[in-house]
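Asker: Got a structure for you, questions after.
The values are calculated or read from the model by the stated rules, or taken from the named source; none is laboratory data. None of the values given here were measured: they were computed from a predicted structure. Here the Cβ positions follow ideal geometry from the backbone for every residue, glycine too, while neighbour counts run over all protein chains shown.
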Amino acid sequence: MVDCPLPTSRIKPKPVVFQKYRTASPYRASGPPARTIHALKPPISRVAPSDLRDSDMTDSSGSCRWGVLGTASIARKVVRAMHQARHARPVAIASRSLEKASAFATEHGLERAHGSYEALLADPEIDAVYIPLPTALRHDWVIRAAAAGKHVLCEKPVAPHASAVAEMVEACRDAGVQFMDGVMFMHHDRFEVMRTRLPDLGLVPTFLDSAFTFRADPSFFESNIRVSADTEPLGALGDLGWYCIRMALVVMDAMPTVVRARHHELHREVPIHTTGELEFPGPEGVRIARFQCSFRHPLRQWIEIVGEHGAMWMHDFVIGSPTEAVIDLETESSLTEGDAAHRRNHERIVVNDCVQEVAMVERFSRIAAGIDPVDPQWPRWALDTQRVMDAVMSAAAEGVDVHLPAFD
Ligand SMILES: NC(=O)c1ccc[n+]([C@@H]2O[C@H](COP(=O)([O-])OP(=O)(O)OC[C@H]3O[C@@H](n4cnc5c(N)ncnc54)[C@H](OP(=O)(O)O)[C@@H]3O)[C@@H](O)[C@H]2O)c1
């Protein structure tokens, strides 16, 4: 495995290139060109959020009234983001216990607390719901939310298997509401910068390696929902591997055709350490994406993306820094005569001041508030990720290569 390397060999810095980032997102480059600070070694480009966002986003008219199903730990972070995001207004929380809902509402500045999830879905003054319930329980609540006309931001992994996701997506489509999963890194300004710079690596990315792991303590293995087949049957694969698979699909811009995987450890039938390998077709042969996810290893969340002419690295690709999110990029690097030293064209790109969960809530709220149209790319990403997840589970369980069919 390759960790996010900083240059240790002699660097021949490339002249600093003046850069401007364009994005395909609502956070489009419309301001002044991105500032490039003349760097020492390596060159550093800085991208400020004001360079990436529409000026019309300062308009505070039109906001999405949010409700949350379940007093989940992650809901604390997302409700905080709802308070900070433009076009968002966190309004209500529901819990199986009214007491818990009331305590959460008081602590997090919400107007209303409901003692059941049904009651929140019946609340006419809610436009969108955030659903961080355990994965095994989400299917029915997403379908009920869609039937109640609520837009749905659904935590990941979306469901235990792809047929459930297909039903959830279909229910939202039929109701004309947005469905999106909670992959926050896709809303970080760095994400569009990363996509824009992929062509620097070559015609297409040909290899990718990633890891998302953390070392869980004994109490986690006793009681956390992530290690119970009743609540999170995909374990570490669903909690952590989901991000590695999603990034592989984005970077390779395709679905894999062959999937191999191994569960190296199970805890009460739930995978807690898995590695996988996805094969993608390419213009010049097979392209590979590998990943490791685990509750047994130290916190790591790195990715390496390789093409014919170069490579890029992010050391925090899942939970991107809210202040200085870095991409390290090397192109046309080579060994000098006699292998005495490397010649490296290394560039460090720094994306400043983007809180990815706030960006996610803001993007979703614009849709729910009717400012932007419902966007079919989001349910598509969720369904494709879950299809690959299914293949990984089958490959690991049966110890065989799984060949994926072509999906429409
Ligand atoms: N996108 C991200 O960055 C991110 C980060 C962390 C977690 N997640 C995902 O979010 C989900 C929730 O994770 P979490 O750690 O926040 O979970 P958690 O703290 O255990 O919360 C789950 C909530 O679900 C409700 N619930 C309903 N039925 C339940 C049952 N049978 N057992 C347990 N809880 C039940 C509970 O709310 P009430 O008791 O109030 O009804 C509980 O507070 C997971 O799928 C996880 O993978 C995503």
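Asker: Kindly list the number of the only condition in (1) basic (Lys, Arg); (2) within 25 Å of residue 176 (Cα to Cα); (3) modelled with pLDDT under 95 that fails for residue 53.
Answerer: It fails just one condition, (2).
Asker: If you don't mind, another one. Please find, among 261, 254, the residue that is more than 16 Å from the ligand (Cβ to nearest atom), closer than 26 Å to residue 286 by Cα and in contact with a helix residue (DSSP H, G or I) (Cβ under 8 Å, 6 or more places away or on another chain). Lay out the reasoning, then the answer.
Answerer: Working: 254 fails: in contact with a helix residue (DSSP H, G or I) (Cβ under 8 Å, 6 or more places away or on another chain).
Just a single option satisfies the conditions, and that option is 261.
Asker: What's the total number of residues in segment 224-251 that are near the ligand (Cβ under 10 Å from one of its atoms) and assigned to a loop (DSSP other than H, G, I, E, B)?
Answerer: 6
Asker: Among the candidates 175, 122, which residue alone is in contact with a helix residue (DSSP H, G or I) (Cβ under 8 Å, 6 or more places away or on another chain) and outside the structural domain of residue 271 (by TED's automatic domain parsing)? Outline the logic, then answer.
Answerer: Values: 122 fails: in contact with a helix residue (DSSP H, G or I) (Cβ under 8 Å, 6 or more places away or on another chain).
After ruling out the rest, the residue left standing is 175.
Asker: Look at segment 67-97 and say how many of its residues are among the small types (Gly, Ala, Ser) and out of contact with any helix residue (DSSP H, G or I) (no Cβ under 7 Å at 6 or more places or on another chain).
Answerer: First, pick out the residues of segment 67-97 that are among the small types (Gly, Ala, Ser): 67, 70, 72-73, 75, 81, 85, 88, 92, 94-95, 97.
Keeping just the survivors that are out of contact with any helix residue (DSSP H, G or I) (no Cβ under 7 Å at 6 or more places or on another chain) gives 70, 72-73, 75, 97.
Result for segment 67-97: 5.
Asker: Considering segment 145-161 alone, what residues qualify as being more than 13 Å from the ligand (Cβ to nearest atom) and within 20 Å of residue 365 (Cα to Cα)? Show your work before the answer.
Answerer: Step one: of segment 145-161, the residues more than 13 Å from the ligand (Cβ to nearest atom) are 145-152, 161.
Across segment 145-161, the qualifying residues are 145, 146, 147, 148, 149, 150, 151, 152.
Asker: Can you confirm whether residue 210 is in contact with a Cys (Cβ under 6 Å, 6 or more places away or on another chain) and either closer than 20 Å to residue 155 by Cα or more than 15 Å from the ligand (Cβ to nearest atom) (or both)? If you could, list the steps in order and put the result at the bottom.
Answerer: Values: in contact with a Cys (Cβ under 6 Å, 6 or more places away or on another chain): yes; either closer than 20 Å to residue 155 by Cα or more than 15 Å from the ligand (Cβ to nearest atom) (or both): yes.
The answer is yes for residue 210.
Asker: Count, please, the residues in segment 69-121 that happen to be polar (S, T, N, Q), closer than 19 Å to residue 184 by Cα and within 11 Å of the ligand (Cβ to nearest atom). Please lay out each step first, then the result.
Answerer: Filtering segment 69-121 for residues polar (S, T, N, Q) gives 71, 73, 84, 95, 97, 102, 106, 116.
Filter once more, keeping what is closer than 19 Å to residue 184 by Cα: 73, 84.
Subsequent filtering for residues that are within 11 Å of the ligand (Cβ to nearest atom) retains 73.
Looking only at that region, the number is 1.
Asker: Follow-up question, since we're still on this one. Go through 384, 390, 328 for me and flag whichever is buried (at least 18 other Cβ atoms within 10 Å of the Cβ), part of a strand (DSSP E or B) and touching a residue at least 60 places away in the same chain (Cβ under 8 Å).
Answerer: Only one candidate qualifies: 328.
Asker: Here is a further query. For the structure I just gave you, tell me whether residue 394 is modelled with pLDDT under 95 and out of contact with any helix residue (DSSP H, G or I) (no Cβ under 9 Å at 6 or more places or on another chain).
Answerer: Numbers: modelled with pLDDT under 95: no; out of contact with any helix residue (DSSP H, G or I) (no Cβ under 9 Å at 6 or more places or on another chain): yes.
No.
Asker: Taking segment 175-205 as the search range and keeping residues that are away from the ligand (no atom under 16 Å from the Cβ) and more than 26 Å from residue 309 (Cα to Cα), which one is surrounded by the most Cβ atoms within 10 Å (Cβ to Cβ)?
Answerer: Restricting to residues being away from the ligand (no atom under 16 Å from the Cβ) and more than 26 Å from residue 309 (Cα to Cα), the top hit is 178.
Asker: Follow-up question, since we're still on this one. State all residues of segment 122-134 that are touching a residue at least 40 places away in the same chain (Cβ under 8 Å) and either part of a loop (DSSP other than H, G, I, E, B) or surrounded by fewer than 23 Cβ atoms within 10 Å (Cβ to Cβ) (or both); if no residue qualifies, say none.
Answerer: Quick first cut of segment 122-134, residues touching a residue at least 40 places away in the same chain (Cβ under 8 Å) only: 123, 125-134.
Listed by number, the residues that qualify are 123, 125, 126, 127, 132, 133, 134.
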